[in-house]
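Working notes, beginning with the structure itself.
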Amino acid sequence: MRLFHRTPAPETCTVRVTNADFSFEVSRRRLLLGAALEQDVAYPHNCRVGTCGSCKTKLTCGRIRPLIDFALSPLTAKELKEGYILACQSKVLSDIEVEVPIGRGGGIAVQNIHGVIASAELIGGDVIDLRLRLDTPFRFQPGQWGSIGARDSEVRRAYSFHTPAPAGGTTEVGFYIKKLPGGAFSEWLFAADRTGVEMELKGPFGILGDHDESGHNVCVAGSTGLAPIVCMVEDALAASDTSRFTIVFGVRREQDLFATDRLGDLAARYPGRLRVIPILSHEPADSAWTGARGLVTEALDEDLDAVHAFLCGNAPMVDACEARLVALGLERGRIHADRFVPTGATVANVTAA
């Protein structure tokens, strides 16, 4: 009798990112995204629980085991047919080859940097402009975000950078942070003067601004979703004479508006290339506000002809804007989104509104 022995599967699998020409190793049955982030691979992601779609990845070779039904995920029918998966919900079962946008020039390596709170200024409504002074230069791309927290705390929250991103790095970064009821980090920040508190920063993550922004682009920002938008717009206006932007900036009431001086200065610095539309969803009818009222989707109409659209805010807002733009004829592949996950989600590194 002939005995057949099955060769045991290797304990380590190789992930080859074909569009960036590099590889990394993953333990068999480990989640693709989690293993990548542990090795400081600048893999695009946001929620890490399968709801935002930021980590969508084209699987071109090899086997994975999904933790959820991808047909019920943010992946479209077309993407599913083309082999797309969600990296945060995919266990690696073999060597695989994938295509995933990890940033210009192969992306910027994830950095772990220490620093202190240089300032925390209340700039409007319940929004603080938090500035960190870092021990060493930190590099990131406009539109990206980082995970921050006090050095003596296990609480970590992720916020988008709103300050410029010099090519050689910077020792000061800024975030727009809104106070949210029950938000462990935001309530801590608002409770007292935190100037001088030692902080940790890990990042950068995300690829919202990693696209060709020449021509006219529409941006929709919900509240502190303005942070990556204004960072990206400021960078693009300076880098390209042909880029133009319309920013639809949605908040609830006039008292919630912030960074209006910065937006006004940008519009004055680049005449004819930046239009800002503040729109209020819950402003009292009898107030003195003469600007736009309603939902941000109401500011998206046929006149906003655009090459690309950039959306940043809570997931329902982003989903509604995406649907509206597709209905207006903009290709879904030209719509780039960063969906915020509320503080209190079950994962540690999320983008907080």
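None of the figures in this text is laboratory data; all of them are computed from the coordinates on show. Quantities reported herein were computed from a predicted structural model and do not represent experimental measurements. No Cβ is skipped: glycine too gets one built from the backbone with ideal geometry, and neighbour counts run over all protein chains shown.
Where a ≥ b ≥ c are the square roots of the eigenvalues of the C-alpha gyration tensor, would you call segment 12-105 rounded, which needs a/c under 1.5, or, failing that, prolate if a/b is larger than b/c, or oblate? Taking the square roots of the gyration eigenvalues as a ≥ b ≥ c, segment 12-105 is rounded. Shape of the chain from the C-alpha gyration tensor: prolate (a/c of 1.5 or more and a/b above b/c, with a ≥ b ≥ c the square roots of its eigenvalues).
This ranking places VAL26, VAL116 by how few other beta-carbon atoms lie within 10 Å of each, fewest first, which gives VAL116, VAL26. Lysine pair count for the chain (Cα-Cα distance under 26 Å; residues 8 or more apart in sequence or on different chains): 12.
Springs join every pair of Cα atoms under 10 Å in this Gaussian network model of the chain, and among LEU208, LEU266, LEU311 the largest mean-square fluctuation is at LEU266.
Among TYR84, TYR176, which comes first, then next, by fewest other beta-carbon atoms within 10 Å? Could the numbers behind the result be given before it?
Numbers: TYR84 20, TYR176 24.
If I rank by nearby Cβ atoms, fewest first, I get TYR84, TYR176.
Computed from backbone phi with θ = phi - 60° and the Karplus coefficients 6.51, -1.76 and 1.60, the 3J(HN,Hα) list for segment 56-61 is 4, 9, 8, 8, 9, 7 Hz; x is used for glycine and proline. Under 5 Å from the amide H of HIS216 lie the amide H atoms of ARG244, VAL307, each residue being 5 or more positions distant or on a separate chain, with H modelled from the backbone and absent for Pro and chain starts. Residues with beta-carbon under 10 Å from that of GLU79, excluding GLU79: net charge, scoring Lys, Arg +1 and Asp, Glu -1? Result for the local shell: +4. Of all beta bridges that DSSP places with both ends in the chain, some 60 percent have antiparallel geometry. Each peptide among 228-236, 58-66 gets the average number of other Cβ atoms lying within 10 Å of its residues, and from highest to lowest they stand as 228-236, 58-66. Computed over the chain with a Gaussian network model linking Cα atoms closer than 10 Å, the most mobile of GLY222, GLY124, GLY313 is GLY124.
For segment 215-340, the Kirkwood hydrodynamic radius from C-alpha pairs, put into Stokes-Einstein at 4 °C and a viscosity of 1.567 mPa s, yields a diffusion coefficient of 88 µm² per second. Each part reduced to its alpha carbon centroid, segment 300-336 and segment 116-151 end up 28 Å apart. For the chain, the relative contact order is 16 percent, taking Cα pairs closer than 8 Å that sit 6 or more residues apart in sequence and dividing their mean separation by the residue count.
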